[in-house]
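The values are calculated or read from the model by the stated rules, or taken from the named source; none is laboratory data. This one's a predicted model, so the numbers in the text were calculated from it and none came from an experiment. Backbone-built Cβ (ideal geometry, glycine too); neighbour counts: all protein chains shown. Protein only, heavy atoms only, side chains kept; ligands, DNA and RNA dropped before computing areas. Shrake-Rupley method; radii C 1.70, N 1.55, O 1.52, S 1.80 Å.
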Amino acid sequence: MKLYIVPGSPNCRKVQAVVHELPVPVETVIVDFAAGAHKSRDYLAINPNGLVPSLVDGDLRLWESNAIMQYLADAHDAISLFPRDPRRRIDVVRWQCWELSHFGRALGVVLFERLFKPLMGGQPDEALAQRALEQLQPYAALLDAHVKERAFVAGDAVTLADYSLGCQLPMAALGRINLAPYPNLRAWLARLDEREAWRATAMPAAMAQAIEQATAAHRSGDGGS
Ligand SMILES: N[C@@H](CCC(=O)N[C@@H](CS)C(=O)NCC(=O)O)C(=O)O
């Protein structure tokens with residue numbers, strides 16, 4: 001089994017955290033974004049979107065991070081991360097869908113404009129980031145209220161839903177996103193940080209530093225909101 005990733009990618013981190021929980025090793029292949037390896041013919045044969053992560057297991061070529069997480073959990077009987085009971089299982093799936101369609105989408109726009117674009121030498125569109133921030137607020141409030149009532153998103157134990165919803169949030173500070181109005185969300189993130197698999201897959205410090213430097217020039221003028 002091979003997992004194709006790029007270090008620092010939130011969508012890769014959520015899958016890497018699941019891999020970390022598994023009893024068997026999964027070979028990790030780093031895709032060289034700088035060299036355009038994700039758009040190479042060989043890689044496009046694995047993932048025609050030219051995105052990471054991707055998983056190859058025998059003749060299976062799987063892309064979409066949440067699908068990969070579900071496959072890995074099922075293939076290794078990680079029933080605590082992805083329960084078999086239909087109601088508990090669909091709760092996890094529901095939050096993973098919500099992550100892709102709403103919460104993670106809005107958050108991703110802010111982080112892309114404010115962090116990844118400058119890192120790649122592009123000019124951030126701050127108006128777009130502000131609009132995404134406005135969209136993010138009700139989603140963040142919803143998640144904040146939800147985790148006030150329970151330790152983790154789908155109950156007492158960590159599931160795939162926590163890794164999916166949590167994967168971009170550790171970059172909030174770098175992206176100048178204020179999480180102060182969401183104390184329950186911050187407490188939930190702290191609980192997630194107690195998990196070894198989560199800590200082990202955090203963004204490399206050198207990359208956080210590179211982002212910090214690349215974004216320094218763009219930090220004035222957005223009010224830090
Ligand atoms: N919905 C996809 C999104 C994957 C995605 O956007 N990956 C980013 C890294 S986090 C990427 O490969 N970006 C490269 C590009 O846009 O060219 C998933 O969940 O796997």
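Tabulated values for the structure
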read-out	value
Any hit, region 69-86, residues being within 12 Å of the ligand (Cβ to nearest atom) and open to solvent by 60 Å² or more (accessible area, probe 1.4 Å)	no
From the options Val56, Val92, residue that is outside any loop (DSSP other than H, G, I, E, B), in contact with a Lys or Arg (Cβ under 7 Å, 6 or more places away or on another chain), at negative phi and surrounded by 15 or more Cβ atoms within 10 Å (Cβ to Cβ)	Val56
Among residues of region 155-176, those that are more than 13 Å from the chain's Cα centre (by Cα), within 23 Å of Asn66 (Cβ to Cβ) and surrounded by fewer than 23 Cβ atoms within 10 Å (Cβ to Cβ), counted	4
Some residue of region 99-118 being under 22 Å from Ser65 (Cα atoms), part of a loop (DSSP other than H, G, I, E, B) and at pLDDT 95 or above	no
Looking only at region 1-51, and only at residues there that are in a loop (DSSP other than H, G, I, E, B) and in contact with a Pro (Cβ under 7 Å, 6 or more places away or on another chain), the one that is nearest to the ligand (Cβ to nearest atom)	Gly8
